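Input: a single structure, listed below in structure tokens.
The values are calculated or read from the model by the stated rules, or taken from the named source; none is laboratory data. Just so it is clear, the model here is predicted, and its values are computed rather than measured. Quick reminder, even Gly has a Cβ in these numbers, built from the backbone with ideal geometry, and neighbours come from all protein chains shown.
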Amino acid sequence: MANGVEGSKRKRASAGEKPAKRRRSPSDESEDPNAKILLMEQGILESKKNYNNIAILLQTAGEYENGEPESMLAAVALCRIFVRLLAQGSLIAKKSLSEKELVVVSWLRDQLSQYKSLLLRLLSEEEVAVTALTLSMRLLKAEGESLYDKEEYFFPTTFIESIVKAILLSDNEDVRRAFIEEFAEQYDDIRYFTFKSVKNLVRSLVQEEANGLFDRVFDLICALDGVPESADDLEDFYVPKPSKKNHSLRSANQHKKQGQEAWLALMGVINTKDERKRLLDIISTTIAPWFTKPELLADFLTNCYDTGGSMSLLALSGVFYLIQVRNLDYPSFYPKLYSLLDRDILHSKHRSRFFRLLDTFLASTHLPAALVASFLKRLSRLTLNAPPSAIVFVIPWIYNTLKRHPTCTYMLHRVIKDPEVKQRIQDHGFTDPFLPEERDPMETEAIESCLWELVQLQSHYHPNVATVAKVMSNQFTKQSYNMEDFLDHSYASLLEAELGKDVKKAPVIEFQIPKRVFLPQDEPDAAPDSLLVKLWDFGTPT
């Protein structure tokens, strides 16, 4: 007590003074899974003695399905490890290596193979599929760069084919979109080997009965529409491009050939009409430019064209593309086109597309007048039973065609000068020489007929149709009509246009509104206001 210990009390820490943080010990870092993974990665890259930790990281990365949160961190760490090892050449079996070193190289290759398999499995996991794709493509790039040789070109074709297969078998739309937008569309070599992979995979995947395969393959290769026209267009390569200029990867024709083979492979597994129609929708804009041999596409198109119905309508643009651009010889094109003009064509949902194409097909002034006249007469006859929305664009189309082919204009007003013919018409009536059942447009005798159907349309019940039809009776002062103003009309659009008009005067429903129905008027001497009242007595029975 006397030594003053009692008086020296411990000071309480003030509110402003914070206790010093306890430094994390090495044991704490070892307990943190994420830190442990990073330490293992660092150790592997620093010394070969730590290579066994690769197997531990593989095991950790493979536990994603069990819900382990650090599994993706392990997968990313492994990607960095293998990219570094590939860059160092640690996976190449060189002749100068000893037997023990060759064993290590073989073991590393096996670990790399397991890692690739892991990434391919992760491509089917919805939450991490895009990350797995990024890691896979980064690994593919590193593998291609590590094995790059100026003399012999190398591309990891097996790995890219496995990636494409996993994407096609996956229901994940995001990973497929990411592959297309970030890789296949951006790099010429990735697009080239994607086409090649699709060609190799389609038939085998069909045998596995993969559901929705056609849709996934279609969406993938349909997006690859950047057709190279020359070697100068091939500039972007994901893996270093081959040094030899005559290499197939630097040839625009070889790129087209791969696209052609991929599309042919898909055409070979078509099972339904809907699948065939999806191809026909884009065949002239997306598919045909890839074909170096148009005759390979001709069989598919002509078969569809000869099928009839909506299939023929959809095949039209593709067939005409081959005739016009690729000089395909198809003598029966116009007879087949003429056969499509039936009573259903003006009711079809594809009629707007058909008339746009028909306008192109009959644009040439070198076509025979008899051929053009058959189309004009056939369509005029069809308008008699067509809906108003169809008639309002058929008449302007006939107007434009007559302006383009003036030799057919006398079909509008044919003057009969032969007195014998006049007398025969007066005695027996007029018989239209047009042969509607004739399939050959050159033999229908339409050129000897007239377009009397257009006069009948001037009395059509729909005022818009009657107004448009009267154009044919006026002088042809207008150069042409813009068909786009008429093609998309429907019952709904016609009704909407009528309802949108301002009514200046209320329409008269009846001249005199009766006060009673079927009964006499109030005044006894009033005249009956209907024939029914005149004939019958509706008075009260006695």
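Here is how the numbers come out for the structure above:
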| read-out | value |
| --- | --- |
| Number of positions in the range 442-470 that are under 27 Å from Pro388 (Cβ atoms) and assigned to a loop (DSSP other than H, G, I, E, B) | 9 |
| Qualifying positions in the range 286-333 - free of Cβ contacts under 8 Å to residues at least 60 places away in the same chain, under 18 Å from Val227 (Cα atoms) and β-branched (Val, Ile, Thr) | Ile287, Thr292, Val325 |
| Unique residue being modelled with pLDDT of 90 or more and either buried (at least 17 other Cβ atoms within 10 Å of the Cβ) or touching a helix residue (DSSP H, G or I) at 6+ places or on another chain (Cβ under 9 Å) (or both) when the list is Leu91, Leu97, Leu140, Leu147 | Leu140 |
| Odd one out for Ser243, checked against (1) closer than 15 Å to Leu224 by Cβ; (2) surrounded by fewer than 16 Cβ atoms within 10 Å (Cβ to Cβ); (3) small (Gly, Ala, Ser) | (1) |
| Qualifying residue in the range 87-98 (condition: in a helix (DSSP H, G or I) and of a type in the set (Lys, Arg)) | no |
| Top-ranked residue of the range 171-190 - restricted to ones that are among the acidic types (Asp, Glu) and surrounded by fewer than 19 Cβ atoms within 10 Å (Cβ to Cβ), ranked as farthest from Thr131 (Cα to Cα) | Glu185 |
| Condition broken by Trp107, with the remaining ones in (1) in a helix (DSSP H, G or I); (2) crowded, with 16+ Cβ neighbours inside 10 Å; (3) among the aromatic types (Phe, Trp, Tyr) satisfied | (2) |
| Residues that are touching a residue at least 40 places away in the same chain (Cβ under 8 Å), small (Gly, Ala, Ser) and over 15 Å from Leu108 (Cβ atoms), drawn from the range 35-60 | none |
| Ala132 within 24 Å of Ile180 (Cβ to Cβ) and either of a type outside the set (Asp, Glu) or in contact (Cβ under 8 Å) with a residue 60 or more places away in the chain (or both) | yes |
| Enumeration of residues in the range 321-367 that are within 21 Å of the chain's Cα centre (by Cα) and farther than 29 Å from Asn385 by Cα | Tyr321, Leu322 |
| Exclusive hit being farther than 26 Å from Phe291 by Cβ, in contact with a Leu (Cβ under 6 Å, 6 or more places away or on another chain) and either buried (at least 16 other Cβ atoms within 10 Å of the Cβ) or not hydrophobic (A, V, I, L, M, F, W, C) (or both), set Val217, Val128 | Val128 |
